[in-house]
Amino acid sequence: MRWRPQRWKPTASKKPPAMTTAVANATDARGSGPVPAPRGSRSTAPRGRRRLVTALIFLAPALFLLGVLIGYPVVYSVWRSLFDASGRNFVGGANYVTMFTDPATFIAIRNNVIWVIVAPITCTVLGLIFAVLMNRITWATAFKLIVFMPMAISMVASGVIFRTLFQENPDLGAVNAGLVAVHDAFSGGAAYPGARPRADNTTLVGTGGAVESATTVHTGQSQDFPLVGILGDTVPAAAADAVPAKSASGTEITGTVWLDFVKGGGGVNGQLGDGKKGLPGIEVDAIDSNGAVVASTRTGNDGTYVLSGLKAGDYRIGLPASNFAASYSGVSWLGPTLVTAVIILAYVWIWAGFAMVMIASGLSAMDVSLQEAARVDGASEWQVFRRITAPLLSPVLIVVFITLIINVLKIFDLVYVIPPGSSLPDATVIAVQLWTVSFGGGNDQGLGSALAILLLVLVLPFMIINVRRFRMEREQ
């Protein structure tokens, strides 16, 4: 038998469920349905107003600070950019026209483009590499500390460090000191810029920067080279007191090259003795009648040399001009050509640690089972990284990349501190140009405000993108 639901029917002994007293009274009074609550009772409208007032009370300090620190400066900068340097004469968009016709502004924009292309990409890639390496080394904590430590140093202090490191003078700059040490280790020679014979020395002549014997020298004889015009600090520490060269055989020519000067005075010009120092490392050539170099050697620590293996005959003995050229002093790192690269390197040194920590946090939240499954299926580490790790990290990488773009668009400290005054115009960026025009001698706050608005317009799209990314991640 099929069961059929029974409909409820009122009977004399049964009534529908009882309503509450208030609803019943209202029904009896109005005839049908509940009546609205009395006007004096609590309702949702006052409660919503109270919540709004409470929210405004808590938000008021933040809104006040935003208005004072962000809203008012932006509005005032727009207004100030429409006036001249004095701030009294309205010029409309003249400051914007001047800004885009000034060559210095184009240099600043060009440098900002270089910064946006190079610095964020480099920091993000290095941060990704460092974050992946941290999972594969046993001393990950120490590695993380070393990479992140520059973030604890202020930008100004970092700029001072890099400016000192890359000084062109190798006595001050560690980088050029290392380059000079490597160069000198492989060059095998020494440079004595400005060295020359005395004006009254008739046995030597200077030709095209080189020094040669005034007459030919026959094999078995000697030719000395007393030189002046050399600073005492230029003489190597290994230099010994100059001594007469040994007697030459029939296939040799010998001699001594020395500094013909004694500190404090004394001695006879053109003669050895009295503590005169030999000049080591100087190249000495034997030149035949056709002008060809047939033998070459270098002086020892005592300044002596021996040209051997010569055929019997007459030769001109010369010291090439390369001996007297300026010594290698490294690279002009802070010159107009390389100064921007040095500043970007300083920025990467500081912010690579930030990128590493952000990406490492994304790695720690990643489901490693996908990577393990790929390895079990035979995928190489590069395939795992390219097909699984990098795509899963893409939201974090995008946030880091856009954050660094915003940061480099506003870069000021490093660009202002590292370059010397002669290179600053070639390394300037929009923020530095803004300060220079407004306060660094230009005293034109109208043009400076226009530059500030330009910088705001460039930064704003990236800020909007970042905010949208944060909202999308929060909704997910």
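The values are calculated or read from the model by the stated rules, or taken from the named source; none is laboratory data. These numbers were taken from a predicted model, which means no experiment stands behind them. Using ideal geometry, Cβ is built from the backbone for each residue, glycine included, and neighbour counts are taken over all protein chains shown.
Things to note:
- Taken across segment 247-259, residues that are buried (at least 21 other Cβ atoms within 10 Å of the Cβ), hydroxyl-bearing (S, T, Y), in a strand (DSSP E or B) and at negative phi do occur, with at least one present.
- The single condition from (1) buried (at least 21 other Cβ atoms within 10 Å of the Cβ); (2) part of a helix (DSSP H, G or I) that D233 fails is (1).
- Filtered residues of segment 229-245 (kept if under 12 Å from D302 (Cα atoms), more than 39 Å from the chain's Cα centre (by Cα) and not aliphatic (A, V, I, L, M)): D241, P244
- Filter result for F143 (surrounded by 15 or more Cβ atoms within 10 Å (Cβ to Cβ) and free of Cβ contacts under 8 Å to residues at least 40 places away in the same chain): yes
- Close pairs (8 angstrom Cβ cut-off, 6 or more residues apart or separate chains): closer than 15 Å to S438 by Cβ and basic (K, R) in segment 69-88, modelled with pLDDT under 90 and exposed (fewer than 14 other Cβ atoms within 10 Å of the Cβ) anywhere: R80/G87
- Identity of the residue in segment 97-108, surrounded by fewer than 16 Cβ atoms within 10 Å (Cβ to Cβ) and of a type in the set (A, V, I, L, M, F, W, C), that ends up farthest from A431 (Cα to Cα): V97
- Helices (runs of 4 or more DSSP H) lying entirely in segment 382-476 (those with 1 or more residues that are without any contact (Cβ under 8 Å) to a residue 40 or more places away in the chain and not small (G, A, S)): 390-409, 424-427, 430-438, 445-475
- Every residue from segment 63-94 that is of a type in the set (S, T, N, Q) and farther than 15 Å from V457 by Cα: S86, N89
Residue by residue, here is whether (1) in a helix (DSSP H, G or I); (2) surrounded by 10 or more Cβ atoms within 10 Å (Cβ to Cβ); (3) modelled with pLDDT under 90 holds:
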residue	(1), (2), (3)
A22	yes, yes, yes
G33	no, no, yes
A37	no, yes, yes
A55	yes, yes, yes
A60	yes, yes, no
I70	yes, yes, yes
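- Condition broken by T164, with the remaining ones in (1) in contact (Cβ under 8 Å) with a residue 24 or more places away in the chain; (2) surrounded by 13 or more Cβ atoms within 10 Å (Cβ to Cβ) satisfied: (1)
- Checking each residue in segment 192-224 for being under 16 Å from A248 (Cα atoms) and hydrophobic (A, V, I, L, M, F, W, C) picks out only V217.
- Across segment 398-415, the number of residues qualifying as within 19 Å of A346 (Cβ to Cβ) and out of contact with any Ser or Thr (no Cβ under 9 Å at 6 or more places or on another chain) comes to 9.
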